[in-house]
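Scroll down for the structure; my scribbles are underneath it.
The values are calculated or read from the model by the stated rules, or taken from the named source; none is laboratory data. Quick caveat, the model's predicted, so the values are computed rather than measured. Backbone-built Cβ (ideal geometry, glycine too); neighbour counts: all protein chains shown. Note: areas computed on protein heavy atoms with side chains; ligands, DNA, RNA excluded. Shrake-Rupley method; radii C 1.70, N 1.55, O 1.52, S 1.80 Å.
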Amino acid sequence: MASEYEMGHIRQLQARHTHMQEKTFTNWVNNIFRVGRVGIKIQNLYTELADGTHLLRLLELISGEALPAPSRGRLRVHFLENNSRALAFLRAKVGSREVLLCVVPAGSRDTLDGHLS
């Protein structure tokens, strides 16, 4: 059985790994936005992708397809609508729900609430 020290060290390594993944993904997203010349720079994935507007724009740039304009309202229902549109687009492109679950959270509420696993 692992000691308390070992468990603490493992948790610390996992936290470092997660932070590195978040930083790498943030840099990748910012590079897509920079190349697309859209003037968006993400600092925090959890808060800045929550309303779905930047997520829709990212999907447009990656796919080269025009997506419906995002809802510009500031209520939770507008954020859910935007995230639902993004997930519907991904489901249409990926097709398989099993593959999609490996790529994106299970629902628009997950993205809105910051559960970007």
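Summary table below
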{"read-out": "Inverse mean reciprocal Cα-Cα distance (Kirkwood Rh) of segment 1-95, Å", "value": "15.3 Å"}
{"read-out": "Mean Cβ neighbour count within 10 Å, used as a protection proxy, ranking 24-36, 79-91 highest first", "value": "79-91, 24-36"}
{"read-out": "Sum of side-chain charges, ILE62 neighbourhood, beta-carbon under 14 Å (Lys, Arg +1; Asp, Glu -1)", "value": "+1"}
{"read-out": "Model label zone, ALA2; criterion: amide N under 19 Å from point 7 Å along Cα-to-beta-carbon; scope segment 11-26", "value": "11-21"}
{"read-out": "Accessible heavy-atom area order of ARG11, ARG57, ARG74, highest first, probe of 1.4 Å", "value": "ARG74, ARG11, ARG57"}
{"read-out": "Dipole magnitude of segment 1-95 about its Cα centre (Cβ charges: Lys, Arg +1; Asp, Glu -1), debye to nearest 20", "value": "340 debye"}
{"read-out": "Extension reserve of the THR47-LYS23 stretch, reckoned as 0.36 nm per residue once the Cα distance is removed", "value": "7.2 nm"}
{"read-out": "Net +/- balance of residues flanking LYS41 in space, Cβ distance below 11 Å, scoring K and R +1, D and E -1", "value": "0"}
{"read-out": "Solvent-accessible surface ranking, highest first, for ARG37, ARG16 at 1.4 angstrom", "value": "ARG37, ARG16"}
